[in-house]
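Chemist: Okay, here's the structure, questions in a sec.
The values are calculated or read from the model by the stated rules, or taken from the named source; none is laboratory data. On a predicted model such as this, the values are computed, not experimentally measured, just so you know. Positions of Cβ are generated from backbone atoms using ideal geometry, with glycine treated the same way; all protein chains shown enter the neighbour counts.
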Amino acid sequence: MTHYAGVHEKGKFSLPELMDSIKKNDEFNKTGAIALFIGVARGENNEGQKVQKLTLEAYEEKAAEVLENICVDLKEKPGIVDVQIHHLLGEFKVGEDLVYVSVAGSHRPEVFSVLREAVERYKHEAPVFKKEQIINEQGSIQETWVSEKQNTKPE
């Protein structure tokens, strides 16, 4: 069985591995576009506080199942060849990769819309938990678990 998704300890999965996996798909010859979303650790949170590092944890078995289900569901959309979501876990410095979401398909309009849907769904459905280590105005370090809903700015 092909795994379209997963949670991986930092350093155990990479962007080149993702690209290799996409291109090994039996239906890759139908692909005319690949779109990628790479989530990275931001150096500032929505309150403007300086983020020193992030720690990401997950209910791993359930997170892998949810991510896989999202990918299988979205792969059924017309013109879509492959959907993958790979979330990394561990401690991350500012600028480091946290998540890879890819969509391969026949044409860019379908690919872009499915990519956006995949990102929104994993953010709201997958049991992945984020802790920010911030430096407050007094210079002391605080660690806070962040709800994705709190951390998402309205569009």
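Chemist: Check off (1) among the small types (Gly, Ala, Ser); (2) surrounded by 15 or more Cβ atoms within 10 Å (Cβ to Cβ); (3) not in a helix (DSSP H, G or I) for Gly95 and give me the number that stays unchecked.
Modeler: Against the list (1) among the small types (Gly, Ala, Ser); (2) surrounded by 15 or more Cβ atoms within 10 Å (Cβ to Cβ); (3) not in a helix (DSSP H, G or I), Gly95 comes up short only on (2).
Chemist: Let me ask you something else. Exactly one of (1) of a type in the set (D, E, K, R); (2) touching a Gly at 6+ places or on another chain (Cβ under 7 Å); (3) part of a strand (DSSP E or B) is unmet by Glu110. Its number?
Modeler: Tallying (1) of a type in the set (D, E, K, R); (2) touching a Gly at 6+ places or on another chain (Cβ under 7 Å); (3) part of a strand (DSSP E or B), Glu110 fails exactly one: (3).
Chemist: Only one of Ile85, Ile80, Ile34, Ile38 is loosely packed, with under 14 Cβ neighbours inside 10 Å, at negative phi, modelled with pLDDT of 95 or more and not charged (D, E, K, R); which?
Modeler: Ile38
Chemist: Right, another one. Ile70 passes all but one of (1) exposed (fewer than 15 other Cβ atoms within 10 Å of the Cβ); (2) in contact (Cβ under 8 Å) with a residue 40 or more places away in the chain; which number fails?
Modeler: (1)
Chemist: Regarding Glu137, is this residue at pLDDT below 95, assigned to a loop (DSSP other than H, G, I, E, B) and acidic (Asp, Glu)?
Modeler: yes
Chemist: Given the options Glu91, Glu76, name the one that is among the charged types (D, E, K, R) and within 22 Å of Val51 (Cβ to Cβ).
Modeler: It is Glu91.
Chemist: Please work out which one of (1) closer than 16 Å to Lys131 by Cα; (2) more than 16 Å from the chain's Cα centre (by Cα); (3) among the hydrophobic types (A, V, I, L, M, F, W, C) is the condition Ala58 fails and give its number.
Modeler: Exception for Ala58: condition (2).
Chemist: Run His124 past the list (1) surrounded by 15 or more Cβ atoms within 10 Å (Cβ to Cβ); (2) within 15 Å of the chain's Cα centre (by Cα) and report the number of the one that doesn't hold.
Modeler: The number of the failed condition is (1).
Chemist: Search the stretch 132-143 for residues that are in contact (Cβ under 8 Å) with a residue 24 or more places away in the chain and pair each with any residue that is among the hydroxyl-bearing types (Ser, Thr, Tyr) when their beta-carbon atoms are under 7 Å apart and the residues are at least 6 apart or on different chains.
Modeler: Listed by first residue and then by second, the contacts come to Glu132/Thr144; Ile134/Thr144.
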